[in-house]
Structure formats: C-alpha cells, structure tokens
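Have a look at the structure below before the remarks.
What follows is calculated from the coordinates using simple rules that are stated; it is not laboratory data. All figures in this text were calculated on a predicted structure; none of them were measured in a lab. Don't worry about glycine lacking a Cβ; one is built from the backbone with ideal geometry, like all the others, and counts go over all protein chains shown.
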Amino acid sequence: MNIKKPFSKRSLAKFVNMAPGGGMPSGIVHAFVFFDGRKVLSRNWGDDINYFFLQRLWHKAIVCYDYSSLAHRFKRTNYLIIGSSLTLLCNRQSIVWGAGVIDDAKELPAHPKKVLAVRGPLSRKYLLDRGIECPAVYGDPALLVPKVYHPSVTKKYKLGIIPHYSDYGSPLLDKLKQDPGILFIRMEGYRQWTDVVDLILSCEAIASSSLHGLILSEAYHIPNCWIEIEGTLLGGHFKFHDFFLSIGRDRALPLQITAETTKESLSEALDSWVAGYIDLEPLIKQSPFKCYFS
C-alpha cells in the first residue's frame, strides 16, 4: 500500500478500515514529526525523515504515534528509529532500531519492549547499565539513505555549512555567509526531504553543527568536520560521540566557530578528515521490516 499523505487523527480511523484484516498498520513510528493537518511540517530533517525516508525504505505507510489516538488507546507497538528519542519518547510498547540517547544523565521514561539496534556503543552501554538487553548492532538508519536515493549532483561549492536549526541566526556566521564559495544548508524549511541531500551533494566538503548533517556527509563519503557555533546543544556531546564511535572514529571535540572563522580555517580542519566505516549489514538484518533498496 502506497500512502503519500500523512495521517491526521481523523483520517487514521479510515485507514484502519483499509488495512488488511481491519487492523493497525505496521509502521507506527514514535518521533518528533509535526503535521499541519495536511502535510508534514519541515521542522527538523533528522526527525522528519522518520516519516519520509522510512516509507521509501520499508514500502510501508507510516503513522506517527502522537497523531494516532488508536495507537495510544490500544497500546500498539511503536518504533523508535532515527534520532535521539530513547530518553524522550520510549514507552513499554517501543521497539528500538537505530535510535539513540541524547543525554546519559537522563533516565528512560520506560523500558522498551525490545531493542534491535541502537545508534552507537554509548547508547548500548546506557541500556545495559539499566539491565536492558541490547545487541552490539549499531547505526543511525539515516546511513541507509544512499541505498534508496543516489542522484547525480554536480559539485558547485567548495564548502557547505549546516548549522543546527538553533544556530542558523547566529551572528558568528555573518562573515562566512558573505563568502560566495560557501553554501549554507538549512535542515528545516525545505520543500522535499531529498532537497537537503541534493544540497549536501553539491558541496565538496561539509562543516556541520547538526548531527544529521555529519551523518549524511559520512553516508555519501563527503569530507566533513564537526563545528560548534553557539555553545553545546541539548545533551552536550553525547550523541555526537555515540555516532562517531559507531563508525570507528575517536571522540573528537568540535571546532569552535568565532566571528573570525574563515573558509580557509575550516578547510584546514577538513584536511584531517578520515572516512568512518561501519558494516551496515547487521543493522539491515535487524530491521523490523524488510528494507527495499534501489
């Protein structure tokens, strides 16, 4: 079944009647995805792709848990997939495949039903320390995006900068924004989810304070460096180190952006980039549904 429009609370009941046997659809994803009643709001790409990308990956209709009163009422199985949602959204019906912890000082709201994979070894240790079984299977599922979307894009920019959405308006970026060789990429306000991928692919290198800017760059083998603009984000460095360790990288510190930072100084940081590596087959095998690649 190919459902292109997001589900509102009103339309979900109609969909349930369409589902095989009149039951609930399988792809109930618990994520920070927001709707305006008609479509998904492009609030944060790394969260939004729980809706867009997973439809492509699984060939399934995706229902978002917070927009399904029936899922709440009947305590249906829901999936934590992409993002730092473990310590924020987990409940007793959650199955985890690739999600991670945002802050190891925070406690889980509930123990999950099952853990298939997590973003990285720090998230696994967090769960094991709390007596929760977790296999040593790692990977943010956004690393699989190139397996379903692989356009041919011409390189137009020497450098792309991807600020976290909370950093975009920082005056520390004003000087860099004047450089015509730099493309600033926003992880919100896009038209199609693939537009963000296209923009990243149009750059020879990426500097990002957004975790999914770094994840996408690694997925497409684009040199990248982690930057910090207006101080640490929620949870500090935990989610970044969790991801870096999953791809065999060290727990690096971010490059601090100042009002004097130039393209050249960012290029020096990028010169030391070494591609990370992760075997994605264990992650794919642990997927709760069949993955379809193109």
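Annotations
- Note on 138, 292, 126, 190: ascending count of other Cβ atoms within 10 Å places them as 292, 190, 126, 138, the fewest first.
- Of the trypsin sites (Lys or Arg not before Pro) in region 261-294, the ones in a loop by DSSP (not H, G, I, E or B) with at most 11 other beta carbons within 10 Å are 290.
- Database remark: amide H of residue 161 closer than 5 angstrom to the amide H of 183, 184, 185, 207 (H placed geometrically; neighbours at sequence offset of 5 or more, or on other chains; Pro and chain starts carry no H).
- GNM flexibility winner over the chain from 161, 82, 132 (Cα, springs under 10 Å): 132
- Considering all different alpha carbon pairs of region 194-243, the Kirkwood hydrodynamic radius works out to 11.4 Å.
- Taking each DSSP H run with n ≥ 4 as -39500 (n - 2.57) and averaging over every residue of the chain yields -7500 deg cm²/dmol at 222 nm.
- Counting neighbouring beta carbons within 10 Å and listing from fewest to most, the residues 48, 179, 242, 279 come out as 279, 179, 48, 242.
- The value of relative contact order for the chain, using C-alpha pairs under 8 Å at least six residues apart, is 17 percent.
- Gyration tensor verdict on region 129-251 (Cα atoms; rounded if a/c is under 1.5, prolate if a/b is larger than b/c, oblate otherwise): oblate
- Beta bridges per DSSP, both residues in the chain: antiparallel share near 5 percent.
- Relative contact order (%) - region 145-270, alpha-carbon pairs under 8 angstrom, separation at least six: 29 percent
- Considering only 231, 278, 265, and ranking their Cα positions along the charge dipole of the chain that arises from unit charges at the beta-carbon of Lys, Arg, Asp and Glu, the one farthest toward the positive end is 278.
- Each of 193, 226, 45 has some number of other Cβ atoms within 10 Å of its Cβ, and from fewest to most they run 193, 226, 45.
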